[in-house]
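Okay, structure first, notes after.
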Amino acid sequence: MAARRLSWLLSRSLSAASGPDSLLHSLGRNSGGGIRKWKRFSTAAAVDEVIIPQVQIPYTQHLIDGKFVDSASGKTFPTYDPRTGEVIAQVAEGDAEDINRAVVAARKAFDEGPWPKMTAYERCRILLRFADLVEKHRSELAALETWDNGKPYQQSFNDELPMFVRLFHYYAGWADKIHGMTVPADGKYHVQTLHEPIGVAGQIIPWNFPLLMFAWKVGPALACGNTIVLKTAEQTPLTALYVAKLLHEAGLPPGVVNIVSGYGPTAGAALASHMDVDKLAFTGSTETGKIVLELAARSNLKPVTLELGGKSPFIVFDDADVDQAVEAAHFALFFNQGQCCCAGSRTFVHERIYDEFLENSKKRALKRVVGDPFKSGVEQGPQIDTEQFDKVLRYIRSGIESNATLECGGQRLGSKGFFIQPTVFSNVKDEMLIAQDEIFGPVQSILKFKDTEEVIRRANATRYGLAAGVFTKNVHTANTMMRALRVGTVWINCFDVFDAAIPFGGYKMSGTGREKGIYSLNNYLQIKAVVEPLKNPAWI
Amino acid sequence: MTSLSNGHAANDSSPSPSPSPLPPPPFKIPPIKFTKLFINGQFVPSLSGKEFETVDPRTGEVIVKISEGRKEDIDVAVNAAREAFDNGPWPRMSGVERARIMMKWADLIEENAEEVAALDAIDAGKLFHLVKVLDIPAVAGAIRYYAGAADKIHGEVLKASREFHAYTLMEPIGVVGHIIPWNFPSTMFAAKVSPSLAAGCTMVLKPAEQTPLSALFYAHLAKQAGIPDGVLNVVPGFGPTAGAAISSHMDIDKVSFTGSTDVGRAIMHAAASSNLKPVSLELGGKSPLLIFDDADVDKAADLALLGILFNKGEICVASSRVFVQEGIYDEFEKKLVEKAKAWVVGDPFDPKSQQGPQVDKNQFEKILSYIEIGKQEGATLLTGGKRVGNKGYYIEPTIFSNVKEDMRIAQDEIFGPVLALMKFRSIEEAIKGANNSRYGLAAGIVTKNIDTANTVSRSIRAGIVWINCYFAFGNDIPYGGYKQSGFGRDFGLEGLHKYLQVKSVVTPIYNSPWL
């Protein structure tokens, strides 16, 4: 049952077909078709035989000015299969010169058109056609995404690809509804605001949701009429190149979207410090976010949006439905191998239900199916790469050393690839490193609390402020918590509900700016006030 | 629209519009597939079994007989819409799901553009080639626009005066009654139906008795696209019976009407004396076009002519009063008359035609009678004034000069190809003249002077002002009337909000860190 529920949760949170209902509500509804009947594999099942994905890798070069091109240096770098650590493909390795070429193309496409000069309805139609093409290529893209990233294929195919399409439908609908205002004046003036595209947008996206992060960045930038240079994560360069090709097939003029593969310190830094890039959007670690912001400040003061790390509290009050809360808390942390910036990585549980909650959480984690992400029924694939893998294992050791109780997991799984056992710690204290740092892996920390004021204080005692979950049946508790938590998203009796219209972003060191929703358009618009004197106006 | 204004290279000699009934059109008119009421997803005959004739205005001959909806049919349709709203899937779908279905509907309409364009052309006498490239793509565009808005209906979280948490929910208003006119059977259909669908409403639509064909065709395509049964019901019929039943129905939550001011008044009255349903009215107009001395005279004459002759003057925003500043008046008048004489009246299926027949005998006779009134009132008939040919309802482009503001041809909506030309001296005089009307739908200004443009645009009491353009409509641009041109707006997000109810939700909040 738990597995069924999880799958339902998963499809609730990310599927295009799902509505904005709360998790609680949705749990009561029939989940309809498409739900996988999972067998209960034990976590001991490792990867025996690697399933070979049925997909070609058609594009490995940079996409600049509508053409696939090699790096200026001729260099390439390998992208790996995280199931095995083996090389999937060699990909062109971008550096400053490639970024520069891409920026020149984007600059020309912005300054000379036709993209920003098209009608909004024409831009809308191109984005709609693109969404249709992605739908057509859904299985190839899902396979490529899983191959490069290691996330379960069912998640890529059933949830992330539909969500990608959904996001582009959403932004297509915005293109012709971007409104400036006419503004009151103190005197005889006619005042209006023009919402203009900001220009060339530099975008740097992470490896945990390569396609969805592409959609979060590219969707609003294009709807507003900008041009783009996007650098993918070096771990996951493949799917962005594929969809960018489809964007051109849909009628996007050359130079509007340019994709450069490469590393942060070279290509990423060149983009962040480029004098001809008008805007920068970054999703990734807080550490890198700081560097990006510094580079922007030192170069041309380009505005920056940052979506960074988190250590999100998941708070379960004693009046919550424990089964639901356990399942949601499990999902909140373990989803996507724990590689979510908003992962519910501090599970605060009220003392009255703590023991029951802990017992059930442990059981649930032990049932989690880890294995080849291409295998049907697998809930958890490998971590992205050796660096993350080592880091997660290091934090597990730190948890043990700081005297948290290891309830289950704690080891790597198998001897090949980057698989880690679902791990649960109890008796976690606020000052422990595992309760402070973003681990970005399948490590759940369960903490005990007594009352509302205490949990508010502890939940907020972090440098991060990305998201929070609150489980309660009491409307007063819910109302109080939603305002008291210093985070960009509060999910009440649900978690990871990521509709296109719901803005997402951080307080504090989790970043600045909001993605998705109407707010995301602000990142890609300049506001110009236009003032004209009026002669003999009929009214002011 | 450019094709209209570029169509005539002005002063070549070929004079009066070539008369009437032209050789059979190259395009074969498709057989009429849908003639019954569309209720709860089915085409059904009217309960009375009665039918009425819809007529081809090119010939005055009957095209086909249509089931005539009356009060009892409206009741059945409202029941279906009520059920679809109260218990059906449509308002319970997410905006995304509604949008997907609407997008599919738009695609189907585009695929059938030629057939549906032909229906409007034979039913309303509209130019086939223009309907095909303008009206039908505009229908698909409007549906896509509102589909894109369906998942962007935002309420707000509010500032309460004490320790309360408050927010607004934007809820679909319920069952909507739409009553649409015959001059733009397709675009009016889209302007009403698509925002109310996006909002999550269900509806009963009555097309004009002159032009029921395309609405029924759209209903058929809506079903194909997956719009659930009962959500969109189309009941053709007459105003005093079917229309009156809609506006006085106790179970309809909102009425949206486009048509004449007289009928609008009756609808509002019926709404008031039944269940006080909110009403939006887009009514008549007598829209002024103001041309200043600094204008390019040739372009201004093109604009003025297009403003009155587009869709044979059967358009509520027609520029039926043209005010020209004295410095360019004579030159303007000469050019306008030349251009009017070169304007091609003919069979709407002939691609050379710029103007087809008036919609029906009533309108045809009304326009001719206004031309007589103009002459009797002492205005000077510069050109036109007669019917064209002896079959069908074609009328010559007609221009009066020496019109006084209080003449009936300057006050009443003629709804035909009849332009009243007036002269003005100062900007103040132009504004005064333009506002001297019981209507306030639209206005045009032609000037290069920024101060003139800004001053006049704020001074004119009208719902839309076009500066150096005319008929510049857009899905995102709301329009509707001041004064007796009605109230409420179609198109834009304003057009969506009139199908939403605002509900405020308030709950106490304790220990909030901010208020």
>> With angles folded into 0 to 90 degrees, how steeply does helix A:238-249 sit against the dominant principal axis of chain A? Use alpha carbons for both and round to 10.
In response: 40
>> Give the aspartates and glutamates whose C-alpha is closer than 14 Å to that of B:LYS341, dropping any in the same chain fewer than 8 places away, or say none.
In response: B:ASP12, B:ASP302, B:GLU333, B:GLU396
> Which lysines does A:LYS136 reach when only Cα atoms under 20 Å apart count, and residues fewer than 8 places away in its own chain are ignored?
Replying inline: A:LYS245, B:LYS104
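May I ask which of B:LYS159/B:LYS254; A:LYS67/A:LYS151; B:LYS132/B:LYS299 have a Cα-Cα span longer than 28 Å here? If you can, show how the numbers build up before the last one.
On the way: B:LYS159/B:LYS254 30 Å; A:LYS67/A:LYS151 30 Å; B:LYS132/B:LYS299 26 Å.
Beyond 28 Å: B:LYS159/B:LYS254; A:LYS67/A:LYS151.
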>> Largest first, please: the extent of the C-alpha atoms of chain A along each principal axis, to the nearest Å.
In response: 74, 59, 47
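Pairs of alpha-carbon atoms within less than 8 angstrom and 6+ residues apart define the contacts here; what relative contact order does chain A have, in percent? Working shown, then result.
Details: 1240 pairs, mean separation 105.9, N = 540.
Computed value for chain A: 20 percent relative contact order.
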> Which percentage, to the nearest 5, of the DSSP beta bridges contained in chain B is antiparallel?
Replying inline: 45
> What net charge do the residues around A:TYR354 carry, taking every other residue with its C-beta under 12 Å from that of A:TYR354, with Lys and Arg at +1 and Asp and Glu at -1?
Replying inline: -2
> Taking Cα pairs under 8 Å and at least six residues apart, what relative contact order does segment A:113-172 come out at, in percent?
Replying inline: 45
> Starting at 0 and stepping by 10 Å, how many percent of the alpha carbon pairs of segment B:140-192 end up in each bin?
Replying inline: 19, 31, 27, 15, 8, 1
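Order these by the 10 Å Cβ neighbour count, fewest first: A:CYS341, B:CYS469.
Details: A:CYS341 26, B:CYS469 11.
Taking fewest neighbouring Cβ atoms as first place, the list is B:CYS469, A:CYS341.
Is the C-alpha gyration tensor of chain B telling us rounded, prolate or oblate? Criteria: a/c under 1.5 is rounded; beyond that, a/b larger than b/c is prolate, otherwise oblate. Show your work: numbers first, answer last.
Values: a/c = 1.99, a/b = 1.33, b/c = 1.50.
Verdict is oblate for chain B.
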> Does the protein assembly as shown classify as rounded, prolate or oblate by the C-alpha gyration tensor (a ≥ b ≥ c root eigenvalues; a/c under 1.5 gives rounded; else a/b over b/c gives prolate, otherwise oblate)?
Replying inline: prolate
>> Taking the 0 to 90 degree range and rounding to the nearest ten, how far is the long axis of helix A:120-136 tilted relative to the main principal axis of chain A, both from C-alpha atoms?
In response: 40
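Using a 10 Å cut-off around each Cβ, can you sort A:ILE527, B:ILE29, B:ILE464, A:ILE88 from fewest to most neighbouring Cβ atoms? Mind showing how you got there, number by number?
Numbers: A:ILE527 12, B:ILE29 16, B:ILE464 23, A:ILE88 19.
Exposure proxy ranking, most exposed first: A:ILE527, B:ILE29, A:ILE88, B:ILE464.
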> When you take every Cα atom in segment A:380-509, what is the radius of gyration, and what is Dmax, the widest Cα pair distance, in Å?
Replying inline: 16.3, 50
> In whole Å, how far is the Cα centre of segment B:313-335 from that of segment A:129-172?
Replying inline: 56
> Using alpha carbons only, how many degrees (0 to 90, rounded to 10) separate the axis of helix A:386-401 from the longest principal axis of chain A?
Replying inline: 40
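Determine, for A:MET181, A:MET432, the number of other Cβ atoms within 10 Å of each Cβ, and report the residues in order from fewest to most.
Ranked by crowding around the Cβ, least crowded first: A:MET181, A:MET432.
About the Cα centre of chain A, what is the dipole size in debye to 20, counting +1 per Lys and Arg Cβ and -1 per Asp and Glu Cβ, all else neutral?
On the way: 59 positive and 58 negative charges, 155 e Å.
In total the dipole reaches around 740 debye.
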> In segment A:452-491, which residues have a backbone nitrogen under 17 Å from the label point lying 7 Å from B:ALA160's Cα in the Cα-to-Cβ direction?
Replying inline: A:474-485
>> Tell me the relative contact order for chain B as a rounded percent, counting alpha carbon contacts under 8 Å between residues six or more apart.
In response: 19
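How large is the helix-only mean residue ellipticity at 222 nm for chain B, computed as the sum of -39500 (n - 2.57) over DSSP H runs with n ≥ 4, divided by its residue count, in deg cm²/dmol to the nearest 500? Present the calculation step by step, with values, prior to reporting the outcome.
Details: 16 runs with 185 residues, N = 515.
Computed mean residue ellipticity for chain B: -11000 deg cm²/dmol.
With the cut-off at 23 Å, tell me which of the pairs B:LYS126/B:LYS448; B:LYS312/B:LYS366; B:LYS286/B:LYS483; A:LYS108/A:LYS302; A:LYS217/A:LYS302; B:LYS36/B:LYS192 have Cα atoms farther apart than that.
B:LYS126/B:LYS448
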>> If you average the alpha carbon positions of segment B:367-391 and of segment B:149-165, how far apart do those two centres end up, in angstrom?
In response: 57
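Rounded to the nearest angstrom and ordered from largest down, what semi-axes does the equivalent ellipsoid of segment A:127-193 get from its C-alpha gyration tensor (root of 5λ)?
For segment A:127-193, the ellipsoid semi-axes come out as 43, 12, 7 Å.
Bear in mind these aren't lab numbers, they're just calculated from the coordinates by the rules spelled out. In this text, all values refer to a predicted model and were calculated from it rather than measured experimentally. Every residue, glycine among them, receives a Cβ derived from its backbone with ideal geometry; neighbour counts consider all protein chains shown.
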